[in-house]
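Here the structure is laid out as structure tokens; the discussion comes afterwards.
The values are calculated or read from the model by the stated rules, or taken from the named source; none is laboratory data. These numbers were taken from a predicted model, which means no experiment stands behind them. Glycine gets a Cβ as well: all are built from the backbone with ideal geometry, and neighbour counts include every protein chain shown.
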Amino acid sequence: MMADETISRVGPDRTEAYLDLLQMVTGVVLVAFMWAHMILVASVNLDLGGGRVMNVIARFFEATYMAQVGGPVIAAIMLAHFVFAARKLPFRAREQKAIWKHSLNFNHLDTWLWVIQAATAFIILIMGCIHMWTVLTSLPITAAKSARRIQGGWWLVFYLVLLPMIELHVGIGIYRIGVKWGFIKRAHRKALHRFENRLTLTMIGIGVVTLFTFLVLTKA
């Protein structure tokens, strides 16, 4: 009887640990993809919006089928990451009120970071899927085509909302992964959190400059 009780207690704990590990791995993959994606799209700034550099990079990814295959794979990883993380997200109104109340009572930085990450997750899931569907169903990717989309009405507002949501989510995410898995020690939390803030602002700044390039400089 004692052995059965021990197995029943250890089993779910081990399952949760595996799910946490999968959540971390998929999260790291997505962080790396988001940052790489930002840098590659920002290549349009290298020739002041002419698009030649970005077009060369886009043709390489499509010629090697990395865009056609990689896009759906990243979408699947994003969905899997959301499913793994959803175990701890408050979906019911009562749970959301409780989380908000506890956050106000604790008034702890890491708690508020979790709240921001949870809120941005829902926005990114919806808007990220719209973005990926739009891009992958209108291949090939070109600077001119991207510029036309940005210059065509509500897409600029769409990306001005999506950009900070993504960068906040991935910046906080990589910080919280480091804290949760012991890579970031308590003594270094403040310094690394400041670094994470600067990195997030830098990425948002690069994104805004890139949107401006598509809006104004690129010949569409």
Tabulated pairs, region 183-195, first under 20 Å from Met24 (Cα atoms), second among the β-branched types (Val, Ile, Thr), C-beta under 6 angstrom, 6+ apart or interchain: Leu192/Ile184
All positions within region 36-88 that are assigned to a loop (DSSP other than H, G, I, E, B), out of contact with any Ser or Thr (no Cβ under 7 Å at 6 or more places or on another chain) and either of a type in the set (A, V, I, L, M) or within 24 Å of Ile130 (Cβ to Cβ) (or both): Leu46, Leu48, Tyr65
Residue satisfying all of: in region 17-55; of a type in the set (Ser, Thr, Tyr) and surrounded by fewer than 19 Cβ atoms within 10 Å (Cβ to Cβ); modelled with the lowest pLDDT among these: Tyr18
Region 180-203, subset under 19 Å from Ala32 (Cβ atoms) and among the polar types (S, T, N, Q), residue surrounded by the most Cβ atoms within 10 Å (Cβ to Cβ): Thr200
Some residue of region 190-197 being among the polar types (S, T, N, Q), part of a helix (DSSP H, G or I), modelled with pLDDT of 75 or more and closer than 15 Å to Met54 by Cα: no
Every pair of residues 6+ apart whose Cβ atoms lie under 8 Å, when the first sits in region 56-68 and is within 16 Å of Ala42 (Cβ to Cβ) while the second is hydroxyl-bearing (Ser, Thr, Tyr): Ile57/Ser43; Ala58/Thr142
Sole residue being buried (at least 20 other Cβ atoms within 10 Å of the Cβ) and either modelled with pLDDT of 80 or more or part of a helix (DSSP H, G or I) (or both), chosen from Ile177, Ile166, Ile206: Ile166
